[in-house]
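Chemist: Take a look at the following structure, please.
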Amino acid sequence: MNILNKEELRRQIREGKEISLDGILDEFKSLLRESLQTASEEELTSHLGYDKHQESDNPNYRNGHNKKSLKTKYGDVDVSIPRDRDGTFEPKLVPKRERILKGSEDLILSLYAKGMSVRDIQHHLDDLYGYELSEQTISNITSAILEKAKEWQNRPLESIYLIIFMDATVLKIRVDRVVKNVAAYIMLGITLDGKKDIIGIWIGENETSKYWLTLLNELKNRGVEDVLIFAIDGLNGFNQAIQAVYPKAEIQRCIVHQIRSSLKFVSWKDRKAVAKDLKTIYSAATEEDAQLALTEFNDIWGQKYPHILQSWLNNWNELSTFFKYPKSIQTLIYTTNPIESLNANIKRKTNSKGSFPTIDSAFKMLYMSTQEVQIKWERTSLRN
């Protein structure tokens, strides 16, 4: 009895018959089974070039069915897939030797991208969908994404970026049988038309000018000819590398990190007021106004928090770069630093995961997390 039929469902409810979620799920699985089998029959018809029971000169013909149990995100579904005499039929919807329906692989990858471990995914599938997959099978599915991630990491880039943000997040990764804190660097570009583009992910290297030089030359090789502004957080040796590879680019010290550093040793009761007064500096209309606001800030807070003024003065040349540009670019740098939201998303997932067994597993996770965010940005851009 098809309770997925709307009229049938209404009739059963009016008659007081019990409708269970399990019953609806069983009906749905039955519908899925019929759809898969019907689609496979049509695929075979297309392959042979003639309908079932139709006469044909083709020596190849239908030759029964293969039964298999598919793992789907709705549970196990038993199907009968047709076969041909010559064995040349390759069904696309339910490929030979495949036991996991494509949607289930997407589900596994989605759970992995959300920070779940292979073992957690295994338990999740068993608890919610009632089927078991080995840790190795799940690991194989997530490993298939690695090649795609490496292709993405080497894809061609835009020739010009308005701004490139660079930031680091620390991950716990097992290296030589010891769990270590390893830096992962994420680079995000803003294109000429204002779109956000996650440029790449680099894991496990030391902060040296030689390393940054290699990384920036990689950008050159991927097609980046010029960058207006690099927004960075005082990464050791990065400034020298930028000057060597992109000598015309300006360097802007990350305002968000500067504020965070300024507030680090401010008492909780003063934090809101100090943050408000700091805003008058970086949101000023001109650099001259900003310097005046910095002097006024020092008059109010200098005696209590002398380290704040000193830090802003020490880094002023790189903190004030953005005052040369239109307000739209200034605002982009100091209010909606997109790499901050990207890193926050990543940290939520990596913190729940604990540690990674390898650098490759960490790279897969970061790639899938960044792609998830990139898709959200693109959808938002389309709506706007």
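Chemist: Scan the range 237-264 for residues that are farther than 16 Å from ASN315 by Cβ and of a type in the set (Ser, Thr, Tyr) and jot them down.
Modeler: TYR246 - this is the single residue of the range 237-264 that is farther than 16 Å from ASN315 by Cβ and of a type in the set (Ser, Thr, Tyr).
Chemist: How many residues are more than 30 Å from LEU219 (Cα to Cα) and surrounded by 16 or more Cβ atoms within 10 Å (Cβ to Cβ) if we restrict to the range 237-276?
Modeler: So the count comes out to 4.
Chemist: For ALA290, work out the one condition from (1) surrounded by fewer than 17 Cβ atoms within 10 Å (Cβ to Cβ); (2) in a helix (DSSP H, G or I) it doesn't fulfil.
Modeler: The number of the failed condition is (1).
Chemist: Could you say whether any residue in the range 130-151 is among the aromatic types (Phe, Trp, Tyr), at pLDDT below 70 and under 30 Å from LEU44 (Cα atoms)? Working first, answer last.
Modeler: From the range 130-151, those among the aromatic types (Phe, Trp, Tyr) are 131; that's our starting set.
Subset that is at pLDDT below 70: 131.
Pick out the ones that are also under 30 Å from LEU44 (Cα atoms) and you get 131.
Yes, the range 130-151 contains a residue that is among the aromatic types (Phe, Trp, Tyr), at pLDDT below 70 and under 30 Å from LEU44 (Cα atoms).
Chemist: So PRO91 ticks every box in (1) out of contact with any Gly (no Cβ under 9 Å at 6 or more places or on another chain); (2) over 15 Å from LEU36 (Cβ atoms); (3) assigned to a loop (DSSP other than H, G, I, E, B) but one. Which box is left unticked?
Modeler: (2) is the only condition that PRO91 fails.
Chemist: For the range 286-304, state whether one or more residues are farther than 19 Å from GLY234 by Cα and aromatic (Phe, Trp, Tyr).
Modeler: yes
Chemist: Within the range 159-184, work out how many residues are hydroxyl-bearing (Ser, Thr, Tyr), surrounded by fewer than 21 Cβ atoms within 10 Å (Cβ to Cβ) and in a strand (DSSP E or B). I'd like the intermediate steps shown before the answer.
Modeler: We begin by selecting, within the range 159-184, every residue hydroxyl-bearing (Ser, Thr, Tyr); these are 159, 161, 169.
Those still in the list that are surrounded by fewer than 21 Cβ atoms within 10 Å (Cβ to Cβ) too: 159, 169.
So of that shortlist, the ones also in a strand (DSSP E or B) come out as 169.
Counting residues in the range 159-184 that are hydroxyl-bearing (Ser, Thr, Tyr), surrounded by fewer than 21 Cβ atoms within 10 Å (Cβ to Cβ) and in a strand (DSSP E or B) gives 1.
Chemist: While we're on this one: Among the residues that make up the range 231-244, is at least one of them modelled with pLDDT of 90 or more and within 25 Å of the chain's Cα centre (by Cα)?
Modeler: Among the residues of the range 231-244, not one is modelled with pLDDT of 90 or more and within 25 Å of the chain's Cα centre (by Cα), which makes the answer no.
Chemist: Does SER361 satisfy being at pLDDT below 85, outside any loop (DSSP other than H, G, I, E, B) and within 28 Å of GLU151 (Cβ to Cβ)?
Modeler: Here the answer is yes, as SER361 does meet what is asked.
Chemist: I've got another one for you. Given the residues LEU263, LEU332, LEU309, LEU294, which is the only one that is assigned by TED's automatic domain parsing to the domain that holds TYR211 and either aromatic (Phe, Trp, Tyr) or in contact (Cβ under 8 Å) with a residue 40 or more places away in the chain (or both)?
Modeler: The match here is LEU332.
Chemist: Shifting gears a bit: Is there a residue in the range 181-202 that is over 22 Å from the mean Cα position of the chain (by Cα), modelled with pLDDT under 90 and of a type in the set (Gly, Ala, Ser)?
Modeler: Checked against the condition, which is being over 22 Å from the mean Cα position of the chain (by Cα), modelled with pLDDT under 90 and of a type in the set (Gly, Ala, Ser), the range 181-202 yields no hits at all.
Chemist: Out of ILE203, ILE164, which single residue is within 30 Å of ILE281 (Cβ to Cβ) and β-branched (Val, Ile, Thr)?
Modeler: The unique qualifying residue is ILE164.
Chemist: Determine if the range 240-256 includes at least one residue that is in a helix (DSSP H, G or I) and in contact with a strand residue (DSSP E or B) (Cβ under 6 Å, 6 or more places away or on another chain). Working first, answer last.
Modeler: Step one: of the range 240-256, the residues in a helix (DSSP H, G or I) are 240-245, 255-256.
Checking the rest, the ones that are also in contact with a strand residue (DSSP E or B) (Cβ under 6 Å, 6 or more places away or on another chain) come to 242.
Scanning the range 240-256, I find at least one residue that is in a helix (DSSP H, G or I) and in contact with a strand residue (DSSP E or B) (Cβ under 6 Å, 6 or more places away or on another chain), so the answer is yes.
The values are calculated or read from the model by the stated rules, or taken from the named source; none is laboratory data. Just so you know, these numbers come straight off a predicted model, no measurement behind them. Cβ sites come from the backbone with ideal geometry, for glycine too, and all protein chains shown count toward neighbours.
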